[in-house]
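Just below is one structure, and these are the notes that go with it.
The values are calculated or read from the model by the stated rules, or taken from the named source; none is laboratory data. This structure is a prediction, so every number in the text was calculated from the model and none was measured. Neighbour counts run over all protein chains shown; Cβ positions are idealised from the backbone, glycine included. Quick note on the areas: whole protein, heavy atoms, side chains included, nothing else; ligands and nucleic acids left out. Shrake-Rupley method; radii C 1.70, N 1.55, O 1.52, S 1.80 Å.
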Amino acid sequence: MISIVIPTYNRVSSLQACVESIVPQYYPGLEIVIVDDCSTDLTREYLKDLAHYDFIKIYLNKENHGVNYSRNRGVELASQKFILFLDSDDQLVDGSLVKVKESIEARPAFTHFLYVVSDRMEEFRHVTEPQLIRYEDWLNGKVTGDFMHVVLADVLKKHLFFEEFRMFEHLNWLRVKKLTSPQILLPIVTAERERDRPDSLTSSSKLKNVSIIRTKFNAEKLYYSMYHNDLVLYNPKSLRFKLVETILLGAACNQKSDCRTLIGFADTKSIKMAGNLILLFPSALVRYGIIKYSKAKGR
């Protein structure tokens, strides 16, 4: 019924707590797929201790590739009908897996289920009935933030995460959300989440050098190339000031040709003019400004 895919890297204590939150909830048709991204702590020793569980699959990356690569290997190994993604620093709430199973079985028409996580409990405290979430709700910002996703495996196996990026998984999630629209949000708290860790991807994505700026730009460039037609329909504001921010990133790493392509996506003359004006400034100067601003804002 459900494959739980857990990518992990150097989080042995958190991973242990994560697995221990799942194992007591086991039922036939459940499997756990753990993908280790070349951890250097005691993760692999711990994984050896799990070998006696016949419902746990383990994949060891030969090199460190990042979370998107690890998720893809987990998706490829998954053998059940649905895939549930869980971070290794998350823990399932007691009894939640049965509720997930029952909610899926009761709604055979849906291919993508969303469940509430602990740090959003207050936000959904007054939600008592399932809600339909459509693709345009994600695109226009009506629905934001993280949920626990349970998705039909066949969809994910055909649309893997972009491995050229170590993060920016939203690029693929939006594609999946478009294919599975509408999703159904169940007001069931399923996972306890640990956030603000010093090893989080957020802390490693601050715009502190040209390499990170270039990676961020390439991700945003892909975002606009994939979704700009939909943005015209559902969120034209993203083709304005957010697009200018992306062009600034491209100018900072001297990718002017790509910037001109992005300028072509703009829906107003003023944004096109702003984009072309940005390209007149030296890359080093734009880069200096971005790094200083990012440092001042802590992002």
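The table for this structure:
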{"quantity": "Counted residues, segment 42-52 - those being modelled with pLDDT of 95 or more, in a loop (DSSP other than H, G, I, E, B) and open to solvent by 30 Å² or more (accessible area, probe 1.4 Å)", "calculated": "1"}
{"quantity": "Residue match in segment 117-126 (condition: in contact with a helix residue (DSSP H, G or I) (Cβ under 8 Å, 6 or more places away or on another chain) and open to solvent by less than 70 Å² (accessible area, probe 1.4 Å))", "calculated": "no"}
{"quantity": "Complete set of residues in segment 20-38 that are open to solvent by less than 10 Å² (accessible area, probe 1.4 Å), in a loop (DSSP other than H, G, I, E, B) and touching a residue at least 60 places away in the same chain (Cβ under 8 Å)", "calculated": "none"}
{"quantity": "Among (1) surrounded by fewer than 20 Cβ atoms within 10 Å (Cβ to Cβ); (2) farther than 27 Å from GLY66 by Cα - the single one LEU222 does not satisfy", "calculated": "(2)"}
{"quantity": "Any hit, segment 182-195, residues being modelled with pLDDT under 90, out of contact with any Lys or Arg (no Cβ under 7 Å at 6 or more places or on another chain) and acidic (Asp, Glu)", "calculated": "yes"}
{"quantity": "All positions within segment 135-167 that are in a loop (DSSP other than H, G, I, E, B), touching a strand residue (DSSP E or B) at 6+ places or on another chain (Cβ under 8 Å) and either modelled with pLDDT of 95 or more or farther than 24 Å from THR215 by Cβ (or both)", "calculated": "VAL143, PHE147"}
{"quantity": "Single condition PHE113 does not satisfy, out of (1) assigned to a strand (DSSP E or B); (2) open to solvent by 20 Å² or more (accessible area, probe 1.4 Å)", "calculated": "(2)"}
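Let's see how each residue does on (1) aromatic (Phe, Trp, Tyr); (2) open to solvent by less than 20 Å² (accessible area, probe 1.4 Å); (3) outside any loop (DSSP other than H, G, I, E, B):
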residue	(1), (2), (3)
CYS18	no, yes, yes
THR40	no, no, no
ASP54	no, no, no
LYS57	no, no, yes
SER70	no, yes, yes
